[in-house]
Structure formats: structure tokens, C-alpha cells
Ligand SMILES: [Zn+2]
């Protein structure tokens, strides 16, 4: 049975669809909006609209940008010979927050996963090959050391074997099964520094 008027029940169910928002948090958020000033609610709505209408993925690396090319790709001071391959934008941001990596990135979007029936699409593979062709000397796999991550690393190494490029992966220090985004900058930095060839 619904305890709230229908518009509030709708809003609760919309909030509950968001990641990490449980039913109780969704309820709290929805109710808090009822008592919020119109101005605040409107600027919240506007912020969501703006994100949806302006932010997209960089056509080169997959990072988020409100232009065509992201700030990392357009930064000429960064080393284009070093290409760090990550699963997601969240992982890219985690490495950026560590503050020390001065190369460029490539976002895969997902890892290989037979269980979830996920593959790396031909579009992603072709894009990666084109990046590597373009003067990359080292590809650093900064992928979570899960089974999927290991499989993806082996697959990428295989895909890139036709190129004269060194493939490395970040060191342990990231526990097996750990997700990069949850590690602090120092741990990530150390893992990047201690990378080894595969
Ligand atoms: Zn980019």
C-alpha cells in the first residue's frame, strides 16, 4: 500500500533507481524536496538538465567532457607515449586524483565477462588500436585485479601484439578483487610506479 500521495511515491521510486540509493534514502530525499525552497529545487533540476544536455564522453579517450575533447586529451604537456587503460571513467578520475600520472587514458567501458556475457566491442578494440598506432610506447593496464580484469588484460595484450608497444600492468597493492576507485591516491600512485610488463 502507498503511504504518500502518488507524485511522492513516483519520486521515491525514481530516486531508488539511482546507484547506492536504498528505499529509505530515496524516501528521505523525496520528502526533503517537498519542504525545500522552490529556488533550490529548480537549481537541482537545472543541474541535472545541464549534465544531460552538455556532458558526453571524449571522442578520443572516453573521459567525460562538456566539449568534444576532454581536458586530459587536450593537455599538450601530457605524455602521449604512455597510455593508461582503465575500465571506467570513475577509475580514470581515481588515478587523476592520485595526481602523479602524466600520460593519457583509454576508457574501455566494461571488462570481458563470460558470466555477464560481456565482450569488448569491435569499436572499442579498433579505437584502442588506433590510439596505440599513434605513437604510444607503453600501454599500462590499470584494471581491477579481478578474474574479469585479468582476462581483459590478457585479451588486450593479445590484441596489441602486432604493435611495437610494451604492455604493463599496475602492481599489487591493489588487493585481488578490489576496485580501483576505492583506493587512495598514494596506493594507486605506488601501484602505477611499480607496474610490470606482462
Ligand atoms: Zn579524452
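Taken together, the values in this text are just the output of simple stated rules run on the coordinates, not laboratory data. What you see is a predicted model, and the numbers here were worked out from it, not measured in a lab. As a convention, Cβ positions derive from the backbone with ideal geometry for all residues, glycine included, and neighbour counts pool all protein chains shown.
What length, rounded to one decimal in nm, is gained on full extension from residue 47 through to residue 162, with 0.36 nm per residue of separation minus their alpha-carbon distance?
Details: separation 115, 0.36 × 115 = 41.40 nm, distance 4.53 nm.
Using 0.36 nm per residue and subtracting the Cα-Cα distance, I get 36.9 nm.
What ranking do 155, 44 get, fewest neighbouring Cβ atoms within 10 angstrom at the top?
Working: 155 15, 44 12.
Least crowded to most crowded, the residues run 44, 155.
Over region 6-54, calculate the relative contact order: mean separation of alpha carbon pairs under 8 Å at least 6 apart, over the residue count, as a percent.
Working: 20 pairs, mean separation 13.0, N = 49.
Value for region 6-54: 27 percent.
What percent antiparallel are the DSSP beta bridges of region 1-157, to the nearest 5?
Working: 3 of 12 bridges.
The answer is about 25 percent antiparallel.
Starting with the fewest neighbours, write out 4, 105 ranked by other beta-carbon atoms found within 10 Å of each beta-carbon. Don't skip to the end; give the middle numbers.
Working: 4 14, 105 27.
Sorted ascending by nearby Cβ count, the order is 4, 105.
Residue 122 to residue 38: extension gain in nm, 0.36 nm per residue of separation minus the Cα-Cα distance? It would help to have the intermediate numbers written out before the result.
Values: separation 84, 0.36 × 84 = 30.24 nm, distance 4.72 nm.
25.5 nm is the gain from fully extending residue 122 to residue 38.
Can you give me the angle between helix 147-159 and the longest principal axis of the chain, using Cα atoms only, in degrees from 0 to 90, rounded to the nearest 10?
Helix 147-159 sits at roughly 50 degrees to that axis.
May I ask you to derive the relative contact order of the chain, considering only C-alpha pairs under 8 Å and at least 6 residues apart, and to give it as an integer percent?
16
Highest GNM mean-square fluctuation, the chain, Cα pairs closer than 10 Å: which of 18, 120, 83?
18
Under 10 Å, Cα contacts only: if you run a Gaussian network model on the chain, which one of 183, 106, 15 comes out with the highest mean-square fluctuation?
Among 183, 106, 15, the largest GNM mean-square fluctuation belongs to 15.
Could you tell me the distance between the Cα centroids of region 126-162 and region 44-62, to the nearest Å?
27
How are the Cα pair distances of the chain distributed, in percent, across 5 Å bins from 0?
1, 7, 13, 16, 15, 13, 10, 8, 7, 5, 3, 1, 0
Let me know the whole percent of all Cα-Cα pairs from region 1-53 that are separated by more than 15 Å.
Working: 731 of 1378 pairs.
More than 15 Å apart: 53 percent of the Cα pairs in region 1-53.
Fewest first, what order do 61, 73 take by the number of other Cβ atoms within 10 Å? Could the numbers behind the result be given before it?
On the way: 61 23, 73 19.
Ordered from fewest to most neighbouring Cβ atoms within 10 Å, 61, 73 come out as 73, 61.
Just the number, please: percent antiparallel of the DSSP beta bridges in region 76-197, rounded to the nearest 5. Let's see the in-between values first.
Details: 3 of 16 bridges.
Taking every DSSP beta bridge with both residues in region 76-197, the antiparallel ones total about 20 percent.
For region 87-198, what log10 I(q)/I(0) values come out of the Debye formula at q = 0.14, 0.15, 0.19 1/Å, with one point per alpha carbon and no solvent?
Listed by q, the Debye log ratios stand at -0.53, -0.62, -1.02.
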